[in-house]
Amino acid sequence: MAFKRKRLVQSVHTKGAGMNYREFEQLFPTEEKAIDYYLENRYKGIITCPHCGNKENIYRYKNRTKVFQCYSCKNSFSPFHDTIFWHARIKIRYWFYVIIMFLNNRSGISARNVQRQIGVSYPTALRMLRQIRKAMSNEEEKVFSGIVEVDETYIGGKPRKFNNKEGKPLIKKQLNKQGRGTNKTPAVGVKDRETGQIYVKVMLPNKEGKKLTGKQLIKVINAVCVEGTTVITDEFKGYNNLTKNGYIHYKVNHSLGQYSAGNGIHTNGIENFWSIFKMGWYGTYRHMSIKYLQLYINEFCFRQNTRLHERAFDILLDRTVIS
Ligand SMILES: [Zn+2]
């Protein structure tokens with residue numbers, strides 16, 4: 001019986017995220033090939049000296065592949081000086097490998113994992129992931145205008161029995177409390193239904209210590225939605241002023257069990273995103289400080305927003321410039 005080879009070849013390409021390990025090996029067999037790929041992507045073959053602006057008399061060192069020499073002004077420079085790759089002794093090829101792992105793992109990857117896979121120290125692995133997250137945060141501006149879902153969530157640890165302001169042990173009811181009224185940090189997410197794009201902002205308490213005020217919510221929605229956008233939210237009173245602010249507003253009645261009422265009035269899309277994020281935050285990144293929450297959320301937004309792009313890898317490379 002003939003072996004169906006054709007089928008196998010087709011399945012090599014993963015859907016979304018853009019690149020798998022086999023493609024990585026083919027594209028970047030050596031460090032030089034990886035650097036060439038970056039240069040082609042960024043400069044389209046024309047490298048400019050940052051000292052004198054010369055484009056022609058530029059040469060490359062044979063054994064220091066990251067460094068270039070300008071023969072017009074006699075200075076050397078690295079095309080990576082303004083990128084996340086700068087200053088690290090890590091090979092660009094390893095950076096690319098970590099980026100691909102990062103893009104392909106829906107719940108993120110831990111620094112321990114990177115440490116094991118490419119044989120760097122734990123602090124270096126942490127730093128690499130932080131740098132990649134910075135690139136992921138370098139997002140282009142978003143404009144939503146059709147139908148969006150807006151929802152808030154609370155992130156943080158479970159309240160500890162003795163770890164509260166009064167020093168009194170909490171009773172069981174308080175320990176099991178979820179959502180509003182806990183010490184957790186709120187985040188507000190907006191999802192464009194048509195494009196699937198997501199925008200999330202972590203909301204720290206305002207000056208009076210109030211969390212998630214109506215003003216804060218409007219600010220998040222204003223940042224990405226144009227006037228006249230249809231906004232679907234839950235019944236939280238913080239959303240009461242949406243109509244006044246020029247939006248068409250629909251509320252989901254969760255108390256009536258209308259999680260998906262069949263009329264399109266639901267926030268399931270953004271709620272799905274929260275569950276993916278929480279898998280990563282509580283599963284992969286167990287002990288991360290709330291201080292970095294926005295950075296971690298940006299990582300998950302980037303993955304979500306580019307998941308259908310063939311070249312998510314190239315999009316990320318474009319954002320590695322952080323001068
Ligand atoms: Zn020069």
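Where a number appears in this text, it was derived from the coordinates with a stated rule and is not lab data. Bear in mind the structure is a predicted one, so any value in this text is a computation, not a measurement. Reconstructed Cβ throughout: ideal geometry from the backbone, glycine too, with neighbour counts over all protein chains shown.
Could you compute the FRET efficiency for K44 and S145, with r as their C-beta to C-beta distance and R0 at 35 Å, rounded to 0.05? Could you put the intermediate results ahead of the total?
Values: r = 33 Å, r/R0 = 0.94.
According to the calculation, E is roughly 0.60.
Length gain on complete extension for the stretch C52 to S72, per 0.36 nm per residue less the alpha carbon to alpha carbon distance? Don't jump to the answer; show the numbers that get you there.
Working: separation 20, 0.36 × 20 = 7.20 nm, distance 0.78 nm.
Between C52 and S72, full extension yields 6.4 nm more.
I want to verify the translational diffusion coefficient of the range 179-220 in µm²/s; compute it with Stokes-Einstein, Rh as the Kirkwood radius over Cα pairs, at 25 °C and 0.890 mPa s.
Numbers: Rh = 11.4 Å.
Result for D is 215 µm²/s.
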